[in-house]
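Please treat every number below as a calculation from the coordinates, not as lab data. Keep in mind it's a predicted model, so treat the numbers as computed, not measured. Every residue, glycine among them, receives a Cβ derived from its backbone with ideal geometry; neighbour counts consider all protein chains shown.
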Amino acid sequence: MEELVNIFIQSIFIDNMVFAYFLGMCSYLAVSKTVKTSVGMGFAVIFVLGFTVPINFLLEKFVLKSGALTWIDDSFIDIDLSFLSFIMFIAIIASMVQLVEMIVEKISPALYGSLGIFLPLIAVNCAILGGSLFMQERAYNNITEATVFGLGSGIGWFLAIVAIAAIREKIRYSHVPAPLRGLGITFIITGLMGIGFMSFMGIKL
Amino acid sequence: MRDKKEALFSKKNRKLLIDPLNDNNPVTTQVLGICSALAITVQLKPAVVMAISVLVVMSVANVVVSLMRNLIPSRIRIIVQLVVIAALVILVDQVLKAFVYDVSKELSVFVGLIITNCIIMGRLEAFALGNGVWKSFLDGLGNAFGYGWILIAVAFFRELLGAGTLFGYPVIEKLGLYEIGYENNGMMILPPMALVTVGIIIWIQRMKNRDLIES
């Protein structure tokens, strides 16, 4: 249990997708103009990460890892399919995103309208594939840990995008040097927020 | 296919190659491919390797998708593009692992993340799907160079100011700046400074080219 809480806190604050690894920056910059759309985008990312990381964990454990196919037959012990992981992970992610898109369209047409073209773009959001690749690299022990990691990373991303959207809404009223307006100042503020988030480093329960 | 009447390096084609270097830069103007541009720029070596990998994947992917552009049903085009890119990235990853293992370890997940690098997807969607092979190839090259020089510029400043080296060569020490009291700025190695560096590059670029300023 303690281990799970640790992974959760760590994936939200310390290994924050945006501030520590710059994952999902493209949609982070594109969708963060208003708080409302960024909340929708954030939830979509939490949802997709929460599903794809455990599914890819199972895929990794039972298909891709070296010797993972022994549950079919012992003679498969030498087979190592891990070079296929990129293509398998991205296939799972692309199909999951399609699913989320259909669900959102059905449940909340308003949200679907406002997210517009960004939902399909979740498929190419590096945060999602990054989540799966980090899961593979850090070799979590069981599916609960992987799920907690996926959800934690999603929540971390959610926090980051909502925070920057709130700042961007306010910054419209301030006097920013013209060449810095828009993209430039967003980069620098994200950097400052990253410095803030670094103060979480070393927290362990 | 390529228009027969047009020369290989006509003005239009040259523009495809040169535009993304500055005015239409993928990182600072189109806001694509930021993720990897920031994460692997602590040192020059991984940045150069990354730039070359992206160059290869991008030009080949552009050519392949452009060849197939009339065959791909538009409903499933994203998945087709992802498969093309993923296959190329697997090749690049295996080559890196075989020849420059230490750099490949350093890049860790970011080689895999070339797949979701929005520059590649973005250019495939915006250009290769609607243009001929040669033009798409030039567009891929141009955008990859535009991405590459930002990457290398950021890495140059971060390595020089943060660690005092270039490609691992101790420049500052050889210049003897430490003896007169110069100190490395450890801040530059930390992730947030990558963002600030790119922010400053954008600032300088837009100061030179006022058309790019957002209202």
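As I understand it, the dipole of the range B:104-212 uses +1 on the Cβ of Lys and Arg and -1 on the Cβ of Asp and Glu, about the Cα centre. Which of B:161, B:117, B:191 lies farthest toward its positive end? Of the listed residues, the answer is B:117. For chain A, taking the reciprocal of the average inverse distance between every pair of different Cα atoms yields a Kirkwood hydrodynamic radius of 18.1 Å. Fewest neighbouring Cβ atoms within 10 Å first, the residues B:182, B:101 line up as B:101, B:182.
Backbone geometry of the range A:145-150 corresponds, through the Karplus equation with coefficients 6.51, -1.76 and 1.60 at θ = phi - 60°, to 3J(HN,Hα) couplings of 4, 4, 5, 4, 4, x Hz, x marking Gly and Pro. Remark: the range A:22-145 carries a charge dipole of roughly 660 debye about the Cα centre, counting +1 on each Lys and Arg Cβ and -1 on each Asp and Glu Cβ. Here the Gaussian network model covers chain B, with springs between Cα atoms less than 10 Å apart; of B:203, B:134, B:149, B:203 fluctuates the most. Which FRET efficiency value, to the nearest 0.05, do you get for residue A:1 and residue A:43 by plugging their Cβ-Cβ distance into 1/(1 + (r/R0)^6) with R0 = 30 Å? About 0.70, to the nearest 0.05.
Note on the range B:43-95: Kirkwood radius taken over Cα pairs, Stokes-Einstein applied at 20 °C and 1.002 mPa s, translational D equal to 178 µm² s⁻¹.
When the pairs B:12/B:208; B:15/B:208; A:36/A:106; B:97/B:174; B:105/B:208; A:33/B:135 are compared against a 28 Å limit on Cα-Cα distance, B:97/B:174; B:105/B:208; A:33/B:135 fall above it. Residue by residue, the range A:80-87 carries 3J(HN,Hα) couplings of 10, 9, 5, 5, 7, 4, 4, 6 Hz when phi is fed to the Karplus relation 6.51 cos²θ - 1.76 cosθ + 1.60 (θ = phi - 60°); x denotes Gly or Pro.
By the helix-only formula, in which each DSSP H run with n ≥ 4 contributes -39500 (n - 2.57) and the sum is divided by residues, chain B has a 222 nm mean residue ellipticity of -20000 deg cm²/dmol.
Among the chymotrypsin sites (Phe, Trp or Tyr not before Pro) found in the range A:147-192, those both in a DSSP coil and sparsely packed, with 11 or fewer other Cβ atoms within 10 Å of their Cβ, are A:173.
For the range A:189-201, 3J(HN,Hα) computed residue by residue from phi via the Karplus equation (6.51, -1.76, 1.60; θ = phi - 60°) reads 5, 4, x, 5, 4, x, 4, x, 5, 5, 5, 7, 4 Hz, glycine and proline entered as x.
The alpha carbon convex hull volume per residue for the range B:87-215 rounds to 179 Å³. At what distance in angstrom do the alpha carbon centres of the range A:178-204 and the range B:144-215 lie from each other? Distance between centres, Cα-based: 17 Å.
Label positions at residue A:172 and residue B:67, each projected 7 Å from the Cα along the C-beta direction, are separated by 4.8 nm.
The amide H of residue B:166, built 1.01 Å from its N in the peptide plane, has B:171 as neighbours under 5 Å, considering only residues 5 or more places off or on other chains. Of the trypsin sites (Lys or Arg not before Pro) found in the range A:69-176, those that fall in a DSSP loop while having at most 13 other beta-carbon atoms within 10 Å are A:172. A crude spin-label estimate for the pair residue B:79 and residue B:184, with each label 7 Å from Cα along the Cβ direction, gives 4.9 nm. Residues considered: A:142, A:16, A:56. Largest GNM mean-square fluctuation over chain A, using C-alpha springs under 10 Å, is found at A:142.
Between the amide H of residue B:33 and those of B:118, B:119, distances stay under 5 Å, these residues lying 5 or more places away or on another chain, with hydrogens modeled in the peptide plane. Summarised in one figure, the compactness ratio Rg/Rh of the protein assembly as shown, Cα atoms and Kirkwood Rh, is 0.97.
Ordering A:64, A:197, A:122 by the projection of their Cα atoms onto the charge dipole of chain A, which places +1 on the Cβ of Lys and Arg and -1 on the Cβ of Asp and Glu, puts A:197 at the extreme positive end. The rule of thumb for compact globular proteins, 2.2 N^0.38 Å, goes into the C-alpha radius of gyration of the range A:1-76 1.52 times. A straight Cα-to-Cα reach below 15 Å connects residue B:11 with the aspartates and glutamates B:3, B:19, B:139, residues fewer than 8 places away in its own chain not being considered.
Considering chain B at the alpha-carbon level, its Rg and Dmax are found to be 18.9, 65 Å.
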